[in-house]
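What follows is a set of notes on a single structure, which appears directly below.
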Amino acid sequence: MSATPAPAGRAPCCWHRKDHMDFSILALVFALGLRHGLDADHLAIIDGFARLRPSRWNGVLFALGHGGVVTVLALGVDRLLGEVELDWLSPWLFLLVAGANLYRLLRPAAHTHAGAGAGLPGRWLVLGPLAMGVLLAIGFETVTQLSALSLANQVSPLLLGAAFTFGMLITDGVNGLLAARVQRSRGPRAESASRVIGWLVVAFSTAFAFGHFAGLDLGTLALPLGVLMFSALVALRLWCLRDPQARLTVGT
């Protein structure tokens with residue numbers, strides 16, 4: 001009789017232990033998403049789109065596309081697709097972003113800050129961040145992305161994808177908001193800040209593209225370069241705010 005309650009007494013402990021382990025894993029995956037969102041390749045693309053269409057949703061759309069692919073990969077769908085190699089696509093995506101921003105720098109459109117990418121297909125600019133997030137996740141896997149995927153057999157893949165995506169939503173979303181506000185600001189400092197961001201995007205995107213062509217592993221540099229770029233964006237935003245002639249245009 002006395003031995004009967006023992007398993008029932010131990011079961012809740014096991015469940016509590018499992019719930020605690022699942023929460024710890026999800027917290028780790030969330031932190032990986034936060035860190036992944038600060039990678040320089042993310043910021044270069046989001047800031048690049050901000051110069052073409054300064055929407056505060058650029059970072060959110062990019063993170064949703066990127067996180068959606070991570071979730072699909074965690075579910076094991078990649079095994080159903082067979083040997084589909086898209087690594088070759090990543091450098092061309094970066095060159096596309098670099099080229100579009102270089103064109104805008106050399107031939108600025110009228111009312112650059114308030115415009116929504118004059119001369120470029122509007123629908124592409126709206127859906128571009130989402131599409132780029134998807135394509136970059138498929139063709140440019142990084143250490144943090146692979147680290148999150150390695151935990152897929154320890155927790156629900158859907159929860160893993162949601163936690164990773166939520167982490168990216170915060171960092172990429174904040175970056176997209178700041179970049180859009182810099183681009184929509186009007187004034188002498190805002191014009192200079194916009195051009196600085198433009199040249200940073202061109203430089204970083206080109207470096208990632210040619211680094212990939214050369215077979216270099218840029219994963220270890222992604223975070224420090226990303227922190228540098230994000231810090232520069234924050235500093236430029238604060239600098240613009242201190243401009244007595246600054247004003248903010250209305251935008252999405």
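Proximity of backbone amide H atoms, modeled 1.01 Å from N, is registered between Ser185 and Thr249 at under 5 Å, excluding neighbours fewer than 5 places apart on the same chain.
Ordering of 171-177, 201-207 by packing is 171-177, 201-207, highest average first (other Cβ atoms within 10 Å, averaged per residue). Computed from backbone phi, the HN-Hα couplings of region 53-66 come to 8, x, 9, 6, 8, 4, x, 5, 5, 4, 5, 5, x, 5 Hz, rounded to whole numbers (Karplus: 6.51 cos²θ - 1.76 cosθ + 1.60, θ = phi - 60°; Gly and Pro given as x).
Each residue of region 171-181 was assigned a 3J(HN,Hα) from its phi angle through the Karplus curve 6.51 cos²θ - 1.76 cosθ + 1.60 (θ = phi - 60°); the sequence is 6, 5, x, 5, 4, x, 5, 4, 4, 5, 5 Hz, with glycine and proline shown as x.
Coordinate-derived values only; no laboratory data. Keep in mind that this is a model prediction, so the values were computed, not measured. Please note: Cβ atoms are built from the backbone with ideal geometry, for glycine as well, and neighbour counts cover all protein chains shown.
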